[in-house]
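Chemist: Take this structure first; my questions come after.
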Amino acid sequence: MSKEIPYKIYLEENEMPKQWYNVRADMKNKPAPLLNPGTGQPMTAEELEGVFCKELVAQELNNTDAYIDIPEEIRSFYKMYRPSPLVRAYCLEKALGTPAHIYYKFEGNNTSGSHKLNSAIAQAYYAKKQGLKGVTTETGAGQWGTALSMACAYFGLDCEVYMVKVSYEQKPFRREVMRTYGASVTPSPSMKTSVGRKINEEFPGTTGSLGCAISEAVEAAVSKEGYRYVLGSVLSQVLLHQSIIGLETKAALDKYGIKADMIIGCAGGGSNLGGLISPFAGEILRGEANYDILAVEPASCPSLTRGKYLYDFCDTGRVCPLAKMYTLGSSYIPAPNHAGGLRYHGMSSIVSQLYDDKIIRATSVTQTDVFKAAEQFARTEGILPAPESSHAIKVAIDEALKCKESGEAKNIVFGLTGTGYFDMVAYQKYNDGEMENYIPTDEELAESIAKCPKI
Ligand SMILES: *Cc1c(COP(=O)(O)O)cnc(C)c1O
């Protein structure tokens, strides 16, 4: 007989993973290499080390080692807020009247409020180990900037954050949390960098975008001695660090003999999704098991479901290496009424390759449906979810309702990436009935995709 499943499945400290899992080692078709935009050749370690920390470059280029040790210092930091619970959503199941079993891995139990701290602490650790003075980065909604500020405070590093202007203005308290942890926060596009000045000139009054803030942060890092640039999503090194989510999830499920049928995650740049699914995708790739893995993205920024698999710029200012990914084009900016996050134009190259190889599926959802699911989740499970996370909630609920019709008792696992306390302007719009959906036309997407470099 199987053990009775508690509301929260925790791991003991000694059951926590000691190594990250690198899914690239098990992929037959490796993600395409980053290219130098000048030469069109794969970026060398040396070139990348001008922008990124040395050890992180090694991880970025590592397609062969399946397991990479988590340094002791990072493991002890993880212990402050991990293992994160895998929660059985008994109350939601009851409200839906579904025979499905729903589980969610909750990453919101730290001050930054999301999974981003898992990679922030790793990146800050390697920067410190290299003897750097500080790091620069971009942040959109603010979760990454907050996580990085916390990590930099812990290791005594300087932290410069370029925050997308619209978020800077809409989320003053996010900014203050970052400043409280010692970071300096600049609205982007700013007049501090040449790329920022150029974008301001070309698009007067622009409210900014992630791609634009990335360009500024990279420029700030390479133009100052002792600084490197760090990124909170998209890169393969970030997915590696985030594999802690999937490894813990798998260990918790195994502890109770539960076999997941579906695994659902929201996808912005692909880091939480990639981290959650990595160990499961690894099993599929090695022919050991089968799972139905589903990426959920906003209908207003549908890179997997409506983008093209091409080499593209990672940033608006076109200063970063080129990455092959499902993309909407680096000039694509979601409509101003888009409030649900996940606004990056591209997608992690690992997730893109897994999707192209049909190891995972993808779907898109509109933001009013997302907030409706968020509201239902908050009222039944108690947690106020981040809008990003609520994309996964929406699809988990839909799948559980399908089970209600078919009578199947599927095990549905989804990633609850964070909490939504700083997203109340978006919730307010929803509560006031003023939230609208915007779905880009094929023509709009074709126009920005046409601007991708021809490689
Ligand atoms: C940043 C963020 C996301 C999206 O980023 P990914 O790299 O796609 O994981 C999702 N949820 C929350 C709460 C976030 O902060």
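Chemist: Contact order normalised by length for the range 55-135, with contacts defined as Cα pairs under 8 Å and 6 or more residues apart; what percent is it? Please report the intermediate quantities before stating the final value.
Modeler: Values: 48 pairs, mean separation 22.3, N = 81.
Once divided by the residue count of the range 55-135, the mean separation gives 28 percent.
Chemist: Over the range 71-192, what is the percentage of antiparallel beta bridges among all DSSP beta bridges, to the nearest 5?
Modeler: 20 percent
Chemist: OK, next. Using +1 at the Cβ of each Lys and Arg and -1 at the Cβ of each Asp and Glu in the chain, identify which of GLY257, THR180, LEU247 lies farthest towards the dipole's positive end.
Modeler: Farthest towards the positive end: THR180.
Chemist: To continue, here is another question. Using the basic label-point model (7 angstrom from Cα toward the beta carbon), what is the LYS451 to GLU15 distance in nanometres?
Modeler: 5.0 nm
Chemist: Further question on the same structure: Counting only other residues whose beta carbon sits under 15 Å from that of PRO204, what net charge do I get with K and R as +1, D and E as -1?
Modeler: Residues close to PRO204 contribute a combined charge of +1.
Chemist: Separate question: Using +1 on the beta carbon of Lys and Arg, -1 on that of Asp and Glu, and nothing else charged, what's the dipole of the range 39-87 about the Cα centre, debye to 20? Write down the numbers at each step before the final one.
Modeler: On the way: 4 positive and 9 negative charges, 77 e Å.
With Lys and Arg at +1 and Asp and Glu at -1, about 380 debye.
Chemist: Of GLY341, ASN437, ALA58, which is farthest along the charge dipole of the chain in the positive direction, counting Lys and Arg as +1 and Asp and Glu as -1 at C-beta?
Modeler: My answer, from the dipole projection, is ALA58.
Chemist: Okay, helix-only estimate at 222 nm for the chain: each DSSP H run of n ≥ 4 adds -39500 (n - 2.57), divide by all residues, round to 500 deg cm²/dmol; what do you get?
Modeler: -12500 deg cm²/dmol
Chemist: How do 380-388, 79-87 rank on mean C-beta neighbours within 10 Å, highest first?
Modeler: Details: 380-388: 20.9, 79-87: 19.1.
So the order, starting with the most tightly packed, is 380-388, 79-87.
Chemist: A follow-up question, please. About the Cα centre of the chain, how large is the charge dipole given +1 on each Lys and Arg Cβ and -1 on each Asp and Glu Cβ? Please answer in debye to the nearest 20.
Modeler: Details: 47 positive and 53 negative charges, 80 e Å.
Charge dipole, the chain, about its Cα centre: 380 debye, nearest 20.
Chemist: Need one value: the accessible area of THR305 in square angstrom, 1.4 angstrom probe, rounded to the nearest 10.
Modeler: So the heavy atoms of THR305 present about 50 Å² to solvent.
Chemist: What is the sum of charges, Lys and Arg at +1 and Asp and Glu at -1, for the other residues whose Cβ falls under 12 Å from the Cβ of GLN130?
Modeler: +3
Chemist: Which whole-number percent is the relative contact order of the chain (Cα, under 8 Å, 6+ apart)?
Modeler: Answer for the chain is 20 percent.
Chemist: Same structure, new question: Using the Cα centre of the range 178-314 as the reference point, and only Cβ charges (+1 on K/R, -1 on D/E), how large is the resulting charge dipole? Debye, rounded to the nearest 20.
Modeler: In total the dipole reaches around 280 debye.
Chemist: May I pose another question? Just reorder PHE52, PHE203 by solvent-accessible area, largest first, 1.4 Å probe, all chains present.
Modeler: PHE203, PHE52
Chemist: Can you compute the FRET efficiency between GLU405 and LYS198 using 1/(1 + (r/R0)^6), with r the Cβ-Cβ distance and R0 = 45 Å? Round to the nearest 0.05.
Modeler: According to the calculation, E is roughly 0.25.
Chemist: Which of the peptides 176-182, 110-116 is most tightly packed, and how do the rest follow, judged by the mean count of other Cβ atoms within 10 Å per residue?
Modeler: By packing density, highest mean first, the sequence is 110-116, 176-182.
Chemist: Also, I was wondering about something else. Given the pairs LYS116/LYS410; LYS133/LYS308; LYS79/LYS128; LYS8/LYS402; LYS192/LYS308; LYS105/LYS404, which are separated by over 31 angstrom at their Cα positions?
Modeler: Numbers: LYS116/LYS410 29 Å; LYS133/LYS308 39 Å; LYS79/LYS128 20 Å; LYS8/LYS402 25 Å; LYS192/LYS308 33 Å; LYS105/LYS404 22 Å.
Pairs exceeding 31 Å: LYS133/LYS308; LYS192/LYS308.
Chemist: Taking a spot 7 Å from the Cα of THR305 along the direction of its beta carbon, which residues of the range 256-272 have an amide N less than 14 Å from it?
Modeler: Under cut-off, by backbone N: 265-268.
Chemist: Let me ask something else about it. With both partners inside the chain, how many of the DSSP beta bridges are antiparallel, as a percent to the nearest 5?
Modeler: Values: 18 of 51 bridges.
Beta bridges within the chain, antiparallel portion: roughly 35 percent.
Chemist: Mind ordering 242-250, 262-270, 277-285 by average Cβ neighbours within 10 Å, highest first?
Modeler: Sorting 242-250, 262-270, 277-285 by mean packing, highest first, produces 262-270, 242-250, 277-285.
Chemist: Related question: So what's the net charge close to PRO321: Lys and Arg +1, Asp and Glu -1, counting the other residues with Cβ under 12 Å from its Cβ?
Modeler: Within the 12 Å Cβ shell, the charges total -2.
Chemist: Write out the cysteines belonging to the chain for which the nearest other cysteine Cβ is not under 4.7 Å, or none if no such cysteine exists.
Modeler: So far as the 4.7 Å Cβ criterion goes, CYS53, CYS91, CYS212, CYS266, CYS301, CYS403, CYS452 stand without a partner in the chain.
Chemist: Another question, then. Which entries in LYS171/LYS451; LYS250/LYS372; LYS3/LYS250; LYS30/LYS451 show an alpha-carbon gap greater than 23 Å?
Modeler: Going by Cα-Cα distance, LYS171/LYS451; LYS250/LYS372; LYS30/LYS451 fall outside the 23 Å limit.
The values are calculated or read from the model by the stated rules, or taken from the named source; none is laboratory data. It should be emphasised that the depicted structure is a prediction, and the values quoted were computed from it without experimental measurement. Note that each Cβ is placed from the backbone with ideal geometry, even for glycine, and that neighbours are counted across all protein chains shown. For the accessible areas, the whole protein counts, side chains as well, though only heavy atoms, and no ligand, DNA or RNA atoms are used. Shrake-Rupley method; radii C 1.70, N 1.55, O 1.52, S 1.80 Å.
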